[in-house]
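What follows is a short report on a single structure.
The values are calculated or read from the model by the stated rules, or taken from the named source; none is laboratory data. As the structure is a prediction and not an experimental result, all values here were calculated from the model. In this analysis, Cβ positions are derived from the backbone assuming ideal geometry, glycine residues included, and neighbour counts consider all displayed protein chains. The protein model used for the area step is the full one, side chains on, heavy atoms only, and it has no ligands, DNA or RNA in it. Shrake-Rupley method; radii C 1.70, N 1.55, O 1.52, S 1.80 Å.
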2 protein chains.
Amino acid sequence: MSSWTYAKAGLDLSKHWEMHRYARQLAEEIARELGIEVRESGGYATSIRVGDLELCLHIDGVGTKTLVLEKLGKLEVAGWDCVAMNVNDVACGGFRPVALVDYVALPSDDVETFSKVMHGVAAAARESRVVILGGETAVLRDLASGVDAACAVLGTKIRKDFENRARDGDLVIGVESWGLHANGYTLVRRVLESRGIGYRSVVEGVDLGEELCKPTAIYSNLLVDAIRRGLLTSAAHITGGAFTKVRRVLGSELDAKLSMPEPPPIFKVVQELGRIPTSEMYRVFNMGVGLVLTAPPASVEELGKLIESYGFRWWVLGRVFRGSGRVLLKTFDGERIEF
Amino acid sequence: MSSWTYAKAGLDLSKHWEMHRYARQLAEEIARELGIEVRESGGYATSIRVGDLELCLHIDGVGTKTLVLEKLGKLEVAGWDCVAMNVNDVACGGFRPVALVDYVALPSDDVETFSKVMHGVAAAARESRVVILGGETAVLRDLASGVDAACAVLGTKIRKDFENRARDGDLVIGVESWGLHANGYTLVRRVLESRGIGYRSVVEGVDLGEELCKPTAIYSNLLVDAIRRGLLTSAAHITGGAFTKVRRVLGSELDAKLSMPEPPPIFKVVQELGRIPTSEMYRVFNMGVGLVLTAPPASVEELGKLIESYGFRWWVLGRVFRGSGRVLLKTFDGERIEF
């Protein structure tokens with residue numbers, strides 16, 4: 001049996017970055033023409049000044065996790081996740097999420113399916129204390145064969161001095177995820193299909209049905225609190241691209257050395273079933289760590305208590321050094337990877 | 001041959017409103033719990049106060065027009081339209097569009113297709129003077145069989161006294177559309193397919209290929225200008241639901257009497273091919289009038305000149321009277337419809 005990668009599953013991350021670069025170039029041209037200053041905050045939130053406020057706007061979706069959720073009768077998780085993905089990104093950029101609009105695309109005008117998704121959107125909006133300012137329900141006959149859920153979130157700057165940049169000497173903290181979250185599902189689906197394994201199977205004691213339906217953890221309340229208290233220098237939400245995202249908060253003159261904890265069993269099951277190289281696993285999945293923070297050593301005790309008060313486990317993963325923008329990661333099984 | 005309606009084409013607008021009501025109810029509950037006042041402006045823009053600013057957030061997509069655009073090699077129009085649909089709505093609500101984020105879902109990581117869509121997004125952002133603060137490219141293998149394009153737009157209140165409410169005695173002004181815009185494509189597709197007519201056919205002198213690819217007119221610059229000058233009492237963007245949307249700006253104590261102009265030939269061709277009842281046409285399509293404005297009679301001369309200076313034709317469609325929230329519409333062929 002051959003080994004699986006994200007590219008083989010049909011998703012070439014280099015193409016993704018090419019699209020991203022093109023879109024960004026167009027956006028920069030327009031901002032220049034309009035004479036409007038657009039700021040980036042660690043790649044997570046792009047913002048403008050409006051009146052006295054620094055405002056960011058962010059959009060993200062759930063991807064093909066919805067296909068799995070639909071089969072397992074858990075579409076409310078799609079609604080939850082599309083909010084969670086956004087509020088986490090916005091808060092990593094140093095913004096408090098304040099309002100959202102949702103976008104749900106469906107193959108037919110199925111009120112029950114829609115209500116299920118919206119139920120999840122509402123639950124996550126409550127949890128992250130964000131008002132819903134509207135939404136669009138797109139009935140896409142002949143275009144969508146399943147449910148697509150996305151949100152856009154508006155955020156306001158939490159404090160001026162948070163730049164989302166790690167500093168030399170910072171400790172690197174990992175905060176636990178609730179499982180796969182909403183990334184890598186195209187790869188997971190391909191691996192399971194290629195092995196003829198159903199979504200409700202139990203493999204090596206891991207209940208796939210349960211794992212594949214777990215919602216994405218909402219870190220935004222924790223992040224807003226920690227940033228307000230001045231405990232963090234940077235925050236990276238581990239989503240598509242996984243630990244390559246830590247590069248964004250390093251800039252070109254720092255390295256981060258991380259030693260990763262043992263991932264929850266679901267990650268090992270997916271890896272073994274797909275014979276996925278370990279380095280690919282850390283490029284695609286959160287491997288049990290959904291959020292990577294950097295903080296001065298003096299803040300870590302208070303930060304750790306704060307993380308626990310929000311109900312999350314955490315680890316000191318490593319440290320930030322002078323370097324050249326590299327993430328030097330030791331995997332749970334001792335392999336050394338450089339991003 | 002039987003006659004076509006939107007419901008028969010698979011889109012039941014009453015179900016759409018049911019979904020809309022459910023979503024709105026959830027949104028209202030959350031706003032109440034969070035103690036945040038959410039304001040509606042004629043159903044087009046929902047807003048909150050942040051600091052000293054009144055901000056709205058709006059989201060909309062292009063629907064299945066993208067399927068037609070893809071076949072005709074014109075996906076840049078999908079990008080343009082997703083911006084146009086949003087900035088028009090936001091400006092109808094009395095907000096100046098300032099920033100957007102785009103959401104493009106594709107069945108594969110096709111950089112060329114994506115770039116084409118983004119090209120249109122950028123052109124429309126330039127035209128409407130809106131910065132792009134980011135976007136999401138979702139590769140939805142097995143979920144999307146075509147391109148889905150949506151945008152979310154942030155707007156700031158233009159002036160406090162614009163409530164998007166018609167007043168007794170106002171004249172009703174219609175501003176020309178550029179054709180079908182981005183609504184009713186599911187019905188158009190079904191009608192053409194049922195008759196075996198290709199998207200590039202010429203029917204009764206109407207070049208379908210050309211008509212089906214026409215972009216949505218951007219009215220936001222005109223609207224911001226007209227609202228700033230205090231010329232309008234209300235504005236209704238004629239999209240999904242078409243002229244039923246005029247009800248939103250009437251409230252429960254006014255009626256609007258409208259006499260509609262002759263629609264461009266494409267609307268008549270679609271109607272004849274599908275044997276679509278005239279009343280259904282005015283429920284689904286803009287029928288050549290993409291924007292309905294109300295203004296005091298004393299403003300109409302200045303307003304008319306302003307509309308023309310933005311390159312649009314216009315008509316006085318009728319008047320606003322004391323009543324009960326009804327739109328009393330006389331169709332181009334003399335039928336009387338009540339919404």
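Some points to look at:
- The rotation axis taking chain A to chain B passes closest to the C-beta of one chain A residue; that residue and the distance in whole Å read A:ALA152, 2.
- Residues of region A:304-339 with amide N under 20 Å of the 7 Å Cα→Cβ point at A:ASP168: A:318-328
- For region B:161-230, alpha-carbon Rg relative to the globular expectation (2.2 N^0.38 Å, N residues): 1.61
- Taking the empirical scaling 2.2 N^0.38 Å for compact globular proteins as reference, the protein assembly as shown has a Cα radius of gyration ratio of 0.98.
- For B:GLY205, inter-copy separations between label points set 7 Å beyond Cα along the Cβ vector come to 7.9 nm, shortest first.
- Note on chain B: Cα-only Rg and Dmax are 19.5, 59 Å.
- For region B:40-157, a simple Cβ point-charge model (Lys and Arg +1, Asp and Glu -1, everything else neutral) yields a dipole of about 300 debye relative to the Cα centre.
- When you count the other C-beta atoms within 10 angstrom of each residue and take the mean per peptide, A:54-65, A:222-233 line up highest first as A:54-65, A:222-233.
- 10 Å Cβ neighbours from other chains, averaged over peptide A:19-25: 6
- Between copies, the label points of A:GLU28, set 7 Å from Cα on the Cα→Cβ line, lie 4.7 nm apart, reported in increasing order to one decimal in nanometres.
- Across the cross-link table entries A:LYS15/B:LYS116; A:LYS15/A:LYS330; B:LYS65/B:LYS116; A:LYS74/B:LYS65; B:LYS74/B:LYS214; A:LYS305/A:LYS330, which are compared at the Cα atoms, the separations over 19 Å belong to A:LYS15/A:LYS330; A:LYS74/B:LYS65; A:LYS305/A:LYS330.
- Prolate/oblate/rounded label for region B:210-282 (Cα gyration tensor, a/c 1.5): oblate
- Globularity index of region B:171-338, i.e. its alpha-carbon radius of gyration over 2.2 N^0.38 Å: 1.06
- Label-point separation, B:SER108 to B:ARG275 (7 Å along Cα→Cβ), nm: 4.1 nm
- Centroid-to-centroid, using Cα positions, region B:266-311 and region A:261-321 are 57 Å apart.
- FRET efficiency, 1/(1 + (r/R0)^6) with R0 45 Å, evaluated for A:GLN25 and B:SER324 via beta carbons: 0.25
- Sorted peptide list for A:154-161, B:296-303, A:186-193, criterion being average Cβ within 10 angstrom, highest first: A:186-193, A:154-161, B:296-303
- Applying the Kirkwood pairwise sum to the alpha-carbon positions of region A:40-157 produces a hydrodynamic radius of 14.4 angstrom.
- Cα centroids of region A:60-74 and region A:139-177: 19 Å apart.
- Per atom type, chain B shows carbon and sulfur on 46% of its accessible surface, probed at 1.4 Å.
- Estimated translational D of region A:234-325 in µm²/s (Stokes, Kirkwood radius over Cα pairs; 25 °C; 0.890 mPa s): 171 µm²/s
- Assigned charges on the beta-carbon of Lys, Arg, Asp, Glu; region A:249-312 dipole about Cα centre (debye): 240 debye
- Prolate/oblate/rounded call for region A:76-225, Cα gyration tensor, a/c under 1.5 rounded: oblate
- Per-residue mean of C-beta atoms belonging to partner chains within 10 Å, peptide B:5-14: 2
- GNM result for chain A, Cα springs below 10 Å: residue of A:VAL327, A:VAL202, A:VAL98 fluctuating most strongly: A:VAL202
- 1.4 Å probe, heavy atoms, protein only - residues of region A:87-101 losing at least 40 Å² accessible area vs chain alone: A:VAL101
- DSSP bridge analysis restricted to the protein assembly as shown gives an antiparallel fraction near 80%, rounded to the nearest 5.
- For region B:270-339, the list of trypsin sites (Lys or Arg not before Pro) that fall in a loop by DSSP and count at most 15 other C-beta atoms within 10 angstrom reads B:ARG275, B:ARG313.
- Dipole of region B:186-266, positive end: most advanced residue of B:GLY251, B:TYR219, B:VAL188 [Cβ charges, Cα centre]: B:GLY251
- Approximate shape of region A:1-49 as ellipsoid semi-axes (Cα gyration tensor, √5λ), whole Å, largest first: 34, 12, 5
- Sorted from closest to farthest, the other copies place their B:GLU193 label points 2.2 nm away, with each point set 7 Å from Cα along Cα→Cβ.
- Antiparallel bridge percentage (DSSP; both residues within region A:40-157; nearest 5): 75 percent
- Here region B:1-108 is treated as an ellipsoid with the same Cα gyration tensor; its semi-axes, largest first and in whole Å, are 30, 21, 13.
- Mean ellipticity per residue at 222 nm, deg cm²/dmol - from DSSP H runs of n ≥ 4 across chain A, formula -39500 (n - 2.57): -10500 deg cm²/dmol
- Sites A:ILE36 and A:GLU302, calculated FRET efficiency, Cβ-Cβ separation with R0 41 Å, nearest 0.05: 0.60
- Per residue of B:44-55, other chain Cβ atoms within 10 Å of the residue Cβ number 4 on average.
- Helical segments meeting 15 Å axial Cα length and Kyte-Doolittle -1.0 threshold in chain B (DSSP H): B:13-34, B:76-92, B:111-128
- Sum of side-chain charges, A:GLU18 neighbourhood, beta-carbon under 13 Å (Lys, Arg +1; Asp, Glu -1): -1
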